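One structure is given below, encoded as structure tokens.
The values are calculated or read from the model by the stated rules, or taken from the named source; none is laboratory data. Predicted, not measured: the structure shown is a model, and the values here were computed from it. Cβ atoms come from the backbone with ideal geometry, glycine included; neighbour counts cover every protein chain shown.
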Amino acid sequence: MFSFFNYRMTIVALLGMVALASGCVREGSGDLYDMAYSVEFYPAMPHLQTRVQEAFVNARPGERFVFKRGTYHFNSTLSLEGVDGIIIEGQGMNETVFSFDNQIAGAEGLKLTNCDDLILANFSVKDTKGDAVKVKDADGVTFYQVGVDWTGEPDITNGAYGLYPVSAQNILIDRCYVRGASDAGIYVGQTSNCIIRNSLVEMCVAGIEIENTSNADVHNNVARRNTGGILVFDLPEIPIKNGTKNRVYNNDVYQNDYPNFASPAGMVSKVPPGTGILLLSAQEVEVFNNNIAQNNIMGIGVFSYQTITALDPDLNYNDPEYDPYSRGVYIHDNTMSRSNNLPPYVHAISLVISNLFVGSDIPDILFDGFLPAGSSDADRICVKNNGTAGFANLDVAGDFVNVSTDLTPHDCTQASLPTPVVDAPVYPHP
């Protein structure tokens with residue numbers, strides 16, 4: 001058994017093409033090499049829950065947990081903490097299933113904390129009480145062909161997050177699938193250096209959400225039939241804030257018109273059905289080469305936190321380090337289309353927007369109009385080469401009095417953002 005530390009590579013995403021190059025090996029990986037070994041599990045094992053959890057508690061660095069084909073029924077969270085180099089793998093998303101439909105203890109399905117150089121591959125997690133797969137305080141994590149599903153009609157009682165790395169760095173999410181999350185299907189929060197690619201999210205409130213995160217690439221994904229397809233948010237009163245330099249490109253974002261079934265206490269409850277891509281207090285974000293269709297409230301929205309508080313004063317905050325403005329946004333070369341059939345679900349933001357435009361002919365790209373005092377050219381919201389896509393400045397600060405569809409003040413360019421370098425373990429792995 002080889003330790004995958006000897007096969008670490010640097011993963012670089014560049015405009016939809018991924019180049020793999022040799023990367024650094026962590027100091028001390030030679031010791032891990034000698035300790036690596038494999039443990040196998042089968043669905044019919046007696047005392048399955050206890051045996052798997054005991055194996056996780058006693059895990060050694062470099063250990064590989066292999067789950068054979070079948071459905072594994074667990075009734076409480078499986079947790080693993082403080083062990084590096086772990087691989088948890090099944091035989092495929094449709095072949096190895098972890099079912100938590102009778103969960104009586106814990107909220108998460110898998111909860112992995114402080115585990116660096118982690119690989120999760122080729123299995124699905126279903127019907128957890130809370131988050132499906134949560135990874136916290138980790139450096140170097142690969143999710144490869146991991147599926148998440150809450151069966152039945154999506155509902156507020158479903159878990160909030162599907163794939164949920166948080167307070168982490170060097171995250172790769174590749175060829176994954178999530179359905180039915182009551183907050184975000186794929187959520188990356190308070191993290192640096194991340195790639196989300198080649199994945200499908202559907203019938204979630206937010207399909208993919210990047211929150212308080214820097215240096216993330218979201219590309220070559222499909223986000224369909226969610227409330228909102230792809231969100232880039234930065235929120236106050238969170239330890240890591242003011243994320244920057246995130247790119248959203250080469251995605252198919254369409255028919256995101258599903259009812260919003262989030263908890264009213266969550267920020268995503270403010271996302272209106274009919275949202276393709278939404279930037280909220282997002283700084284230095286580049287949105288390009290996406291196919292955005294039939295998201296009939298907003299194809300792309302650029303908002304600052306002041307719009308949220310204008311619509312709901314209860315969401316005011318006290319955080320002097322927080323920058324509430326969206327700034328330095330560059331939206332270019334997207335293909336956008338829509339019809340005038342509005343989603344049939346009542347929502348505060350969508351009511352305001354639909355009332356501003358006669359005959360429901362809402363422009364594809366919406367900007368709330370907020371910019372900081374003394375802003376420079378680098379802070380501008382630039383919109384370029386998006387075909388026939390319409391644009392509107394909603395003038396939220398002026399109580400919508402001077403709504404303008406004149407693109408001229410935003411007909412500009414910004415410098416293209418750099419490609420993030422993500423140092424995550426490679427899978428498939430010898």
State which residue is surrounded by the most Cβ atoms within 10 Å (Cβ to Cβ) when the search covers only the stretch 179-188 and only residues that are without any contact (Cβ under 8 Å) to a residue 40 or more places away in the chain and in a strand (DSSP E or B).
-> I186
Condition met for I277 (of a type outside the set (S, T, Y), assigned to a strand (DSSP E or B) and within 22 Å of the chain's Cα centre (by Cα)) = yes
Enumeration of residues in the stretch 191-210 that are crowded, with 24+ Cβ neighbours inside 10 Å and either on the phi > 0 side of the Ramachandran plot or part of a strand (DSSP E or B) (or both) | C194, I195, I196, V201, A206, G207, I208, E209, I210
Kindly indicate which of Y249, Y177, Y254 is under 18 Å from D149 (Cβ atoms) and out of contact with any helix residue (DSSP H, G or I) (no Cβ under 9 Å at 6 or more places or on another chain).
-> Y177
Could you tell me whether the stretch 215-236 includes any residue that is small (G, A, S), outside any strand (DSSP E or B), surrounded by 24 or more Cβ atoms within 10 Å (Cβ to Cβ) and at pLDDT 95 or above?
-> no
In the stretch 342-361, is there at least one residue being of a type in the set (V, I, T), surrounded by 14 or more Cβ atoms within 10 Å (Cβ to Cβ) and touching a Lys or Arg at 6+ places or on another chain (Cβ under 8 Å)?
-> yes
For A310, are the conditions met, namely being within 18 Å of the chain's Cα centre (by Cα) and hydrophobic (A, V, I, L, M, F, W, C)?
-> no
Across the stretch 362-381, the tally of residues that are modelled with pLDDT under 90 and not hydrophobic (A, V, I, L, M, F, W, C) stands at 3
So how many residues does the stretch 373-430 have that are out of contact with any helix residue (DSSP H, G or I) (no Cβ under 9 Å at 6 or more places or on another chain), under 30 Å from G85 (Cα atoms) and surrounded by fewer than 17 Cβ atoms within 10 Å (Cβ to Cβ)?
-> 4
Check whether at least one residue in the stretch 280-293 is at pLDDT 95 or above and acidic (D, E), and report yes or no.
-> yes
Condition met for D368 (closer than 25 Å to E211 by Cα, touching a strand residue (DSSP E or B) at 6+ places or on another chain (Cβ under 7 Å) and surrounded by fewer than 16 Cβ atoms within 10 Å (Cβ to Cβ)) | no
Looking at the stretch 52-83, which of its residues are more than 27 Å from the chain's Cα centre (by Cα), of a type outside the set (D, E), exposed (fewer than 15 other Cβ atoms within 10 Å of the Cβ) and over 21 Å from E95 (Cα atoms)?
-> V57, N58, R60
How many residues are in contact (Cβ under 8 Å) with a residue 40 or more places away in the chain, touching a helix residue (DSSP H, G or I) at 6+ places or on another chain (Cβ under 9 Å) and among the small types (G, A, S) if we restrict to the stretch 73-123?
-> 1
From A373, A392, A397, which residue is within 18 Å of I300 (Cβ to Cβ) and more than 26 Å from the chain's Cα centre (by Cα)?
-> A392
Please work out if D131 is buried (at least 21 other Cβ atoms within 10 Å of the Cβ), in contact with a Ser or Thr (Cβ under 9 Å, 6 or more places away or on another chain), farther than 15 Å from G85 by Cα and acidic (D, E).
-> no
Within the stretch 146-164, identify whether any single residue is buried (at least 21 other Cβ atoms within 10 Å of the Cβ), modelled with pLDDT of 95 or more, in a strand (DSSP E or B) and among the aromatic types (F, W, Y), and answer yes or no.
-> yes
Considering only the stretch 280-295, how many residues are surrounded by fewer than 24 Cβ atoms within 10 Å (Cβ to Cβ), touching a residue at least 60 places away in the same chain (Cβ under 8 Å) and assigned to a loop (DSSP other than H, G, I, E, B)?
-> 1
Name the residue, out of N256, N242, that is part of a loop (DSSP other than H, G, I, E, B) and at positive phi.
-> N242
Matching residues in the stretch 104-128 - criterion: being farther than 19 Å from V66 by Cα and surrounded by fewer than 20 Cβ atoms within 10 Å (Cβ to Cβ) = I104, A105, G106, A107, T113, N114
Which residue pairs have Cβ atoms under 8 Å apart, sit 6 or more places apart or on different chains, and have a first residue in the stretch 147-168 that is on the phi > 0 side of the Ramachandran plot and of a type in the set (S, T, Y) and a second that is assigned to a loop (DSSP other than H, G, I, E, B) and crowded, with 22+ Cβ neighbours inside 10 Å?
-> S167/T191
Which one is nearest to N355 (Cα to Cα) among residues in the stretch 402-430 that are touching an Asp or Glu at 6+ places or on another chain (Cβ under 6 Å) and either among the hydrophobic types (A, V, I, L, M, F, W, C) or touching a residue at least 60 places away in the same chain (Cβ under 8 Å) (or both)?
-> V403
